[in-house]
Amino acid sequence: MFGPRLEGRNGVSLVPSTLEHFKLHGPWSMQPEVGRFWGPRFGEVTDDNAATRFKEFADSQTSVNWSIAYQDEPVGFTGIFGIDWVRRDGESGIFIGRHDLFGRGIASEAVRLRTDFAWRELRLHRVHNWIGLANRGSRRANEKSGYQQMGLYRKSWFRSGEWYDEWLGEAYPHTFPDQR
Ligand SMILES: CC(C)(COP(=O)(O)OP(=O)(O)OC[C@H]1O[C@@H](n2cnc3c(N)ncnc32)[C@H](O)[C@@H]1OP(=O)(O)O)[C@@H](O)C(=O)NCCC(=O)NCCS
C-alpha cells in the first residue's frame, strides 16, 4: 500500500506514489551517482515494468511506501517493507534519485517522517535496515532518527572490483529523538 501525504520541514514531504513517479525509478537508479552503494546497474527499465511494479506496491499488504517530494517535485522513494504484523517488525529503505539534490537534508527529513509514522500510526515495535558501511550519508540520515548499529555484515556485496561491508541498523520507538 502507499502511505498518506505527510508534510515535513524545509519543503520535504512524503506523498502517495503515482505511476508517473514509478516511471522515474528505473532511469534514476541507473545513474552511477545514485547506484554507487545501492541497487541494480542493469535491468529492463521499461514503462511496462514500472506499471507492474506500481501495481505490486499498491496491492502489497506488507509494505507502506511513499514518493519523496521536494518543493512539490518527486525526487525519490522511501518505505517500510516486509512488515510482519505479528512481530511488528519491518525493513526500511530510501533513495533520492535526483543526485543534484544530495546533501540538502532531504533524506534526513524523509527518514524522520517515515520513522515517526512507523511508531505513531503503524504501531511497529522495531524497524531494521541494511546500509553499505561506506554510505555515510544514508547511515547518518537514519542515525539522526534513532537507528543504531546492531551488526556488521562483512563482504556483503561485490561492486566495481571490491567487496563492501553492510551496516545493519535497527530503530525502536524509544530511540526516536524527542520531537517536542
Ligand atoms: C544516501 C542518501 C539517501 C542521502 O540523502 P541526502 O538527502 O543527500 O542526505 P541528507 O542531506 O539528509 O544528509 C544526511 C546526513 O549525512 C551527511 N552526508 C550526506 N551525504 C554524505 C556523504 N556523501 N558523505 C558523508 N556524509 C554525508 C549529511 O551531512 C547529513 O549529516 P548532518 O545532518 O549531520 O550534516 C542519498 O544520497 C541517496 O539516496 N543516495 C543514492 C541511493 C542510496 O544510497 N540509498 C541508500 C541505500 S541504504
Q. What is the one condition in (1) surrounded by fewer than 21 Cβ atoms within 10 Å (Cβ to Cβ); (2) within 12 Å of the ligand (Cβ to nearest atom) that E109 does not satisfy?
A. (1)
Q. For the subset of segment 131-153 comprising residues that are within 7 Å of the ligand (Cβ to nearest atom) and assigned to a strand (DSSP E or B), which member is nearest to the chain's Cα centre (by Cα)?
A. I131
Q: Provide a single number: the residues in segment 30-60 that are surrounded by fewer than 14 Cβ atoms within 10 Å (Cβ to Cβ), within 16 Å of the ligand (Cβ to nearest atom) and of a type in the set (G, A, S).
A: 1
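Pull up segment 1-16, narrow it to residues that are assigned to a loop (DSSP other than H, G, I, E, B) and within 16 Å of the ligand (Cβ to nearest atom), then point me to the one that is nearest to V64 (Cα to Cα). Before the answer, list the steps.
Restricting attention to segment 1-16, the residues satisfying the condition of being assigned to a loop (DSSP other than H, G, I, E, B) are 1, 3-5, 8-11, 16.
Subsequent filtering for residues that are within 16 Å of the ligand (Cβ to nearest atom) retains 8-11.
On the way: G8: 17, R9: 21, N10: 23, G11: 22 Å.
It comes out as G8.
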Q. Of everything in segment 112-130 that's more than 14 Å from the chain's Cα centre (by Cα) and among the aliphatic types (A, V, I, L, M), which residue is nearest to the ligand (Cβ to nearest atom)?
A. L124
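Every number in this text was worked out from the coordinates using simple rules, so none of it is lab data. Keep in mind that what you see is a predicted model, and the values were worked out from it rather than measured. So basically every Cβ, Gly included, is an ideal-geometry build from the backbone, and we count neighbours across all protein chains shown.
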